[in-house]
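Have a look at the structure below before the remarks.
The values are calculated or read from the model by the stated rules, or taken from the named source; none is laboratory data. These figures come from a predicted structure and were not determined experimentally. Cβ coordinates were reconstructed from backbone atoms using ideal geometry, including for glycine residues, and neighbour counts include every protein chain displayed. Surface accessibility is based on the protein's heavy atoms, side chains included, excluding ligands, DNA and RNA. Shrake-Rupley method; radii C 1.70, N 1.55, O 1.52, S 1.80 Å.
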Amino acid sequence: MDALRGDSAPLLDVRNLVTQFVTDEGPVRVVNDVSFQINEGETLGLVGESGCGKSVTALSIMGLVPTPPGEIVSGEIYFQGQDLLRISGEDLRGIRGSQIAMVFQEPMTSLNPVLTIERQLAEPLRMHLGMTRGVAKSRACELLEMVGIPDPEDRLKDYPHRMSGGQRQRIMIAMALSCNPKLLIADEPTTALDVTIQAQVLELMMTLSKEFGTALLIITHNLGVVARFADRVNVMYSGKIREMGPADDIFDSPSHPYTIGLLNAIPRFDQGDRARLQMIKGEIPDPAHRPSGCSFNPRCPWAVDKCSVSEPSLAAVGPDHTSACWEAATVSKAQLPVAP
Amino acid sequence: MRENKIKSDATEGAAKTPPLMDIRNLKVYFPIKSGVLLGRTVGHIKAVDDVSLHINPGETLGLVGESGSGKTTLGRAALRLIEPTDGQVIFDGQELRDLSSQEMRQRRRELGFVFQDPYGSLNPRMTAGNMIGEPLKIHKLHSGKEDRRRQVGDLLETVGLSRSMADRYPHEFSGGQRQRIGVARALAAKPRFLVLDEPVSALDVSIQAQLINLLQDLQEEFNLTYLLIAHDLSVVRHISDRIAVMYLGKLVELSDYKALYDNPLHPYTQALLSAVPLPDRALERSRERIVLKGDIPSPRNPPTGCVFHTRCPIATDECRMTIPTMKEHAPNHYAACIKL
């Protein structure tokens, strides 16, 4: 579609994905008709606040939606031309870990506490790449060195509790990249880390994925992280992508009221004067009780009558840049505060 | 709006109005216990190690640092929620450490604390109204049930909630609303000084801005003095008049908010600022980045000399030996680094 560059097919092509969870109040579509692509080697930022469906989108791609209560209702997820939703569990396991890898938010809980670092690093190498124990061990050692863990030989024998949060997340990255995947999904990879460690881990992830030619899907609520690292950006709100485009366009000419609202709501220390923050009024809607029409309409300063009745879909506002807003033409001309 | 506060940005020596909170050479050490049944003290964690700072009436002092920096411990010790090991905590001219527990209880009415976690800090079995009304009961600030109910209703409205919400339980509120309840409770006894410990870091971006604006409005309306503890440098800059930076129990830099960001002196502050990704593409491309090597050392076993020397890009042998003290390098701009 719009994200196709040249004649090469996208690496990942998510089409009309609907993932729902059964709750006390009935089924809730947490991901509600989401389509996007990732090209080889590019970095896509998926931004949104809690409950917007960004993490469930990632879990759907990985085939890790807990079922029940979750369920992928419809859609297709093409990875290198193959629909991940329609292949066998065994084939999916073969792809997961070797072709598509994932780094989770919690470095504390995503490593197995009772296995040594060596066991955990060597397992995917032996499983996916068929390495022998000895070869896998020396490769594991190299990987630790690559992510900047001092004394890698000794640290292989350690258990995760001996590592700091930053080290654990670096080990997760080593593990994720160990089989040279085509796509790395990072779900809030640095949110649990301290600021200076965050910077280390993000820089490392970017450098390595460039080196390996890995495409990255970074899921985050942090617009700064997206501005620094992403080539393209998807902004999600309440189960749907509301704006999609090249990162430069999203930051320089945002065209959805929610994107503009987010950019205006964050305090920024690069701006000289401290103007009062322009807040987005109201609350993030509960996915079980979304407002009718565009679910952002009760919080939107641009909302017109039509917005509470009819749901807009993504429409072009520029080359490769789409926004799901009836008033997009007006909204995109709105002024963002400019740094002096 | 901030005129009166900029005037009160007085220096240590030439203070025109005495500070409301004056912390002098504060030390908070926690014993490290070891042996059978944890009986023997084998050392100390110096959570706060010889920190001096003051907060003027009506101003906001931002306290920044990463995990293990001691910022939360300092905030608690300032209210005597933790007993300091040594040093002075002088509130409104009175040394709090000299007060008996009964005198302290009376004094506590003037001191408030807002916690980070809007989920953990409210009692799930109490209604919002009872929680907000509790300080009124404790300090006998109401003349009967009716009056308490009226005051609770006023407080709810003050923080942007409706009176009718008094009968609801915490689970019926969103994260942002819960944090408002925490603020209302902290305000109930009409305090003069509030410690805000990461008040917005658990909230979504769009909700964060609402809380930040609320805290600023309340400060103006009730002439409050804030100690704002946070790791988000953008939030801190937005609210604070002066900012203190801590690293491993030590104060490393202190200045007015503008100078700290425009001209950070300490290498740690410089690295901290450069580590924050900003939501501006052009700026991100041109910014210089200082990525610190290594992890934050354990506070159990801090480095000798300057605690930052293990990660400092400009450290020399001298830094390993000499403990730097806070020196005034520009008017009202203090930093603890022997390389300056």
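Quick notes on this one:
- Considering helices alone, the calculated mean residue ellipticity of chain A at 222 nm is -9000 deg cm²/dmol, with DSSP H runs of length four and up weighted by -39500 (n - 2.57) and normalised per residue.
- Between residue B:101 and residue B:322, residue separation times 0.36 nm minus the direct Cα-Cα distance comes to 75.6 nm.
- Distance from the range B:160-175 to the range A:38-107 (C-alpha centre basis), Å: 37 Å
- Area accessible to solvent at residue A:308, 1.4 Å probe radius, in Å²: 50 Å²
- Against the criterion of solvent-accessible heavy-atom surface with a 1.4 angstrom probe, B:139, B:329, A:321 sort, most first, into B:329, B:139, A:321.
- Column: log10 I(q)/I(0), Debye, Cα scatterers of the range A:1-140, q = 0.11, 0.18, 0.20 Å⁻¹: -0.52, -1.17, -1.29
- Each residue of the range A:16-21 was assigned a 3J(HN,Hα) from its phi angle through the Karplus expression (A = 6.51, B = -1.76, C = 1.60, θ = phi - 60°), giving 6, 5, 10, 10, 10, 10 Hz with x at Gly and Pro.
- On the basis of the beta-carbon distance and an R0 of 22 Å, residue B:17 and residue B:190 show a calculated FRET efficiency of 0.60.
- For residue A:306, a cut-off of 25 angstrom between C-alpha atoms picks up these lysines, skipping any fewer than 8 places away in its own chain: A:240, A:281, A:333.
- In terms of accessible area, using a 1.4 Å probe and ignoring ligands and nucleic acids, A:159, B:268 rank largest first as A:159, B:268.
- Ignoring lysines fewer than eight residues from residue A:137 along the same chain, the ones with Cα atoms less than 21 angstrom from its Cα are A:157.
- Seen from all directions on average, the range A:133-290 presents a Cα convex hull projection of 12.6 nm².
- A simple packing score, the average count of other Cβ atoms within 10 Å per residue, orders the peptides B:229-236, A:286-293 as B:229-236, A:286-293, with the highest score first.
- Percent accessible area from carbon and sulfur atoms, the range A:36-98, protein chains only, probe 1.4 Å: 49 percent
- Rounded to the nearest 10 degrees, the inclination of helix B:128-138 to the longest alpha-carbon principal axis of chain B is 90 degrees.
- Percent carbon-and-sulfur accessible area, the range B:130-282, ignoring ligands, DNA and RNA, probe 1.4 Å: 46 percent
- Of all accessible heavy-atom area on the range A:272-320, the percent that carbon and sulfur account for (1.4 Å): 56 percent
- From the largest down, the range B:121-180 spans 32, 21, 15 angstrom on the principal axes of its Cα atoms.
- Straightening the chain between residue B:143 and residue B:217 buys 23.8 nm, computed as 0.36 nm per residue apart minus the Cα-Cα spacing.
- Rolling a 1.4 angstrom probe over the protein heavy atoms with all chains in place gives the range B:282-340 an accessible area of 61 Å² per residue.
- Stokes-Einstein D for the protein assembly as shown, Kirkwood Rh over Cα pairs, 37 °C, 0.692 mPa s (µm²/s): 121 µm²/s
- At least 50 Å² of accessible area lost relative to the chain alone, listed for the range A:175-215 with a 1.4 Å probe: A:194, A:195, A:196, A:200
- Between residue B:171 and residue A:191, the modelled labels are 2.3 nm apart [label points 7 Å from Cα along Cα→Cβ].
- Shielding score for A:222-231, defined as the mean number of other chain Cβ atoms within 10 Å: 5
- Partner chain coverage, peptide B:61-69 - average Cβ within 10 angstrom: 2
- Kirkwood hydrodynamic radius (C-alpha pairs) into Stokes-Einstein, chain B, 20 °C and 1.002 mPa s, D in µm²/s: 100 µm²/s
- Panel note: contact residues of the range B:278-298 (accessible area lowered by at least 40 Å² against the chain on its own; 1.4 Å probe) correspond to B:278, B:279, B:281, B:289, B:291, B:295.
- Overall dimensions of chain A as given by Cα atoms, namely Rg and Dmax in Å: 20.9, 68
- For the residues of A:256-269, the average number of beta carbons from a partner chain within 10 Å of their own beta carbon is 5.
- Rolling a 1.4 Å probe over the protein heavy atoms gives the range B:96-218 an accessible area of 44 Å² per residue.
- Within the same chain, lysines fewer than 8 places from residue B:71 are excluded, and of the rest, those with a Cα less than 25 Å from its Cα are B:5, B:27, B:33, B:46, B:190, B:250, B:258, B:293, B:327, B:339.
- List of the range B:197-216 residues, accessible area with partners at least 30 Å² below that of the chain alone (1.4 Å probe): B:204, B:205, B:206, B:207, B:209, B:210, B:213
- Per residue accessible area of the range A:70-215, 1.4 Å probe, in Å²: 44 Å²
- Estimated buried accessible area (total), pair B and A, 1.4 Å, Å² to nearest 100: 4100 Å²
- Note, ³J(HN,Hα) from phi for the range A:162-171, Karplus 6.51, -1.76, 1.60, rounded to Hz, x at Gly and Pro: 7, 9, 7, x, x, 5, 4, 5, 5, 5
- For the range B:314-322, putting each phi into the Karplus relation 6.51 cos²θ - 1.76 cosθ + 1.60 with θ = phi - 60° gives couplings of 10, 5, 10, 4, 4, 5, 6, 9, 9 Hz, in residue order, rounded to whole numbers and with x for Gly and Pro.
- Among A:244, A:175, A:127, the sequence by solvent-accessible area, most first, with a 1.4 Å probe is A:127, A:175, A:244.
- Measuring between their Cα centroids, the range B:207-282 and the range A:133-192 lie 33 Å from each other.
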